[in-house]
1. Only one of Ser266, Ser310 is part of a loop (DSSP other than H, G, I, E, B) and small (Gly, Ala, Ser); which?
2. Looking only at residues that are of a type in the set (A, V, I, L, M, F, W, C) and without any contact (Cβ under 8 Å) to a residue 24 or more places away in the chain in region 276-295, which one is nearest to Leu331 (Cα to Cα)?
3. With Glu402, Glu361 as the choices, which residue is over 22 Å from Ala151 (Cα atoms), modelled with pLDDT of 80 or more and among the acidic types (Asp, Glu)?
4. Within region 34-111, considering only helices (runs of 4 or more DSSP H) that don't extend past its boundaries, which have at least 1 residues that are exposed (fewer than 15 other Cβ atoms within 10 Å of the Cβ) and modelled with pLDDT under 70?
5. Given the structure, is Val126 in the same structural domain as Asn48 (by TED's automatic domain parsing) and either buried (at least 18 other Cβ atoms within 10 Å of the Cβ) or touching a residue at least 24 places away in the same chain (Cβ under 8 Å) (or both)?
6. Residues to consider are Val141, Val205; find the one that is surrounded by 16 or more Cβ atoms within 10 Å (Cβ to Cβ), at pLDDT 90 or above and under 18 Å from Phe260 (Cα atoms).
7. Do any helices (runs of 4 or more DSSP H) lying entirely in region 552-619 carry at least 3 residues that are of a type in the set (Ser, Thr, Tyr) and farther than 30 Å from Tyr433 by Cα, and which ones are they?
8. Just checking, does region 168-180 include any residue being among the aliphatic types (A, V, I, L, M), farther than 30 Å from Ile33 by Cβ and either in contact (Cβ under 8 Å) with a residue 12 or more places away in the chain or not in a helix (DSSP H, G or I) (or both)?
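The values are calculated or read from the model by the stated rules, or taken from the named source; none is laboratory data. On a predicted model such as this, the values are computed, not experimentally measured, just so you know. Glycine gets a Cβ as well: all are built from the backbone with ideal geometry, and neighbour counts include every protein chain shown.
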Amino acid sequence: MNRELYDKLLLSKGCVLEAEVSDENAFYYAAYIVNKFGAILDKPLKINAETVMSFSMFFSISVPDSFYKNPQDTKHYSCRELELEQYLSYLRADVEGKRSSDPETFKRMEIFGKELYNCNLGVETVVRRYNVVSKEEADDVIKESMKSYCAYTRPWSVNERDEFVIMYNNEYYDGSKIECKDNLIECYVATGNKIFAQGLDYKDVVKMSELKLNEGDGFKMSDELKAMFVYAINNANPCPLTKKQAKYFNKLIKLTGVKFEKQDNSQSPYAVSKKLVAQGKVEEAAKYLSGFGSMLERSLVWLLSRADKSEVNDILSLVGNGNPIVCMQLLWKLVEKDDKGRVFRFTKNNTAKYHEENAEECKKRRSLLSDDIREKAAETMKNNLVEYYKSHKLNGRIYVSEAFKNVFVPVNTSASGKGIGVLPCGSRMPVKYDYIRTFCYWNDIFDIDASMVFINDNNKKEELSWRTYSFKNLGDSALTSGDCMAKDGAEYQDFAVGELKERGWKYGVYFINGYEDKLNQGEIYCGYQNKADINTKAWMPNNIETKIQVVGDSRQFIGFAIDFDEKEVVVINRITKSNSSVVNARDIEAIKFYLNKDFIRAWNMYDLLTSRGETVDAPEKADMVFDADYEGKAGQKVIRPWDVESLIKLII
């Protein structure tokens, strides 16, 4: 694997590959990386020009060729100071060089006398620490990353899938079980490796057909694909199918010519459980559904709304089947006091219609849980989680910083992109000053629009976008650079957090929209930075708090939200399935779950980790440290809040 691929995999994990040959300009390179990107290397003398190139690609910031040809220390100087030193150095060499025997003539003149690694990075600089690792150490990091990807119980994002493919193609896959069925199907379809087909069931084979076969083309398949389906069908595990799933499974049997028994939906667990509930046997129905994957969890509100209070604990003891992620998702669902009925979508006259249950319908259908049942169920689920993790303790002593109380457990299935300092969806980061600046820039894709929708307690909304910015409806409290329609462009917005709170706004939700194209073309990045003073440059690579690469087969992406009351940024990082070229109100409703801080208070990574081990009161005493800034000693493992791969591996 070449250097570029190594660093592509390593940099998001806080590592960079060391240079094979020492370089006399290494200190200049390290200084430039600190100044330009805010990245401090633990072994600055073990890098070369390729390291700078890797950071340049990772941060998507170009470095001029002139720097590589004549490296200069740019850590402590303004550009004009450096230009002056360099200009006078060249002038002296030009004037004196032909006759000079003094080698100092040809070195840079240090007019300002500034020393390396001796400058104030500035109040707005975000310092990130990177480890320079050997190839052997890099291989260990990548192998650990591969194991983490295998342990995911949610589908990979586009970036994660691309990284998995790189690792697989370079023989880092060791046969570990891939926990998520969607990822397993993708691996089998992409590679044809039969090890990935093991563990699939009948429903997964149907999913595989949806991924690879087009009904409009008559389900045409090549001989190679046909062989893959034959193997998958013959080795799939039996499972109950819906009427529609059975129809497609039987279609595949016919297309492939496999001698296989036709399937139907006669074993549908829903029909059996409905009869039991009708007979008043709610707990028995729960026990029956617990044997069919996630069907119990999907039916939990239906069952609990019909159960006696005495049955709640026994029903909840069946939940999860040893999968804590299911328990967490249910806990968060129970935390929210839901006073709204279900929403049904249907089509009438070729138009999509929505119907929300009214109070009378909710009462008749028992769609909502009573407060006492909800509270008892939430308390039970949290206790179950604590007990689960106590029985799955980590080896050794652990230290968990308070910052992890604002890190959401990464169980979401809609993560879009990786990037720089990207925390799990739902996590919160403090707004350090009174200003925040959001930015979006892109290359090779036309007309990206960045917008913000403000929401107050009465659900009133105000949009700041290309359509409204000229009206300045929010005065000078929220400003934008305006609309950019270029193929290579940028837009940014400035927000005065305190002023917007005084105006009565509770949240601001940041959107990216593709006006001309979907967001799967070119390169698109968005992020934000804390600002001590609003009158500074739009953004700089060394003071961004978070930058996300946006990739998705849609025209709409929700990056993050600002909670003006809590003075925090909430990570959303979500592609939404929309062709709208402007903000969609329904999509705002879909992410309100993350805006309410009660959810992260109910259960977060701090709760999870402190349940998993023997906690100590100082990082120096720990074998494993969970902290954003602590520099580990020999033998210690340090996990940062944005090490999503490592966090995911720890939640199972």
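1. Being part of a loop (DSSP other than H, G, I, E, B) and small (Gly, Ala, Ser) holds for just one of Ser266, Ser310, which is Ser266.
2. Leu289
3. Of the residues listed, the single one that is over 22 Å from Ala151 (Cα atoms), modelled with pLDDT of 80 or more and among the acidic types (Asp, Glu) is Glu402.
4. Answer list for region 34-111: 79-96.
5. yes
6. Val205
7. none
8. For region 168-180, residues among the aliphatic types (A, V, I, L, M), farther than 30 Å from Ile33 by Cβ and either in contact (Cβ under 8 Å) with a residue 12 or more places away in the chain or not in a helix (DSSP H, G or I) (or both): present.
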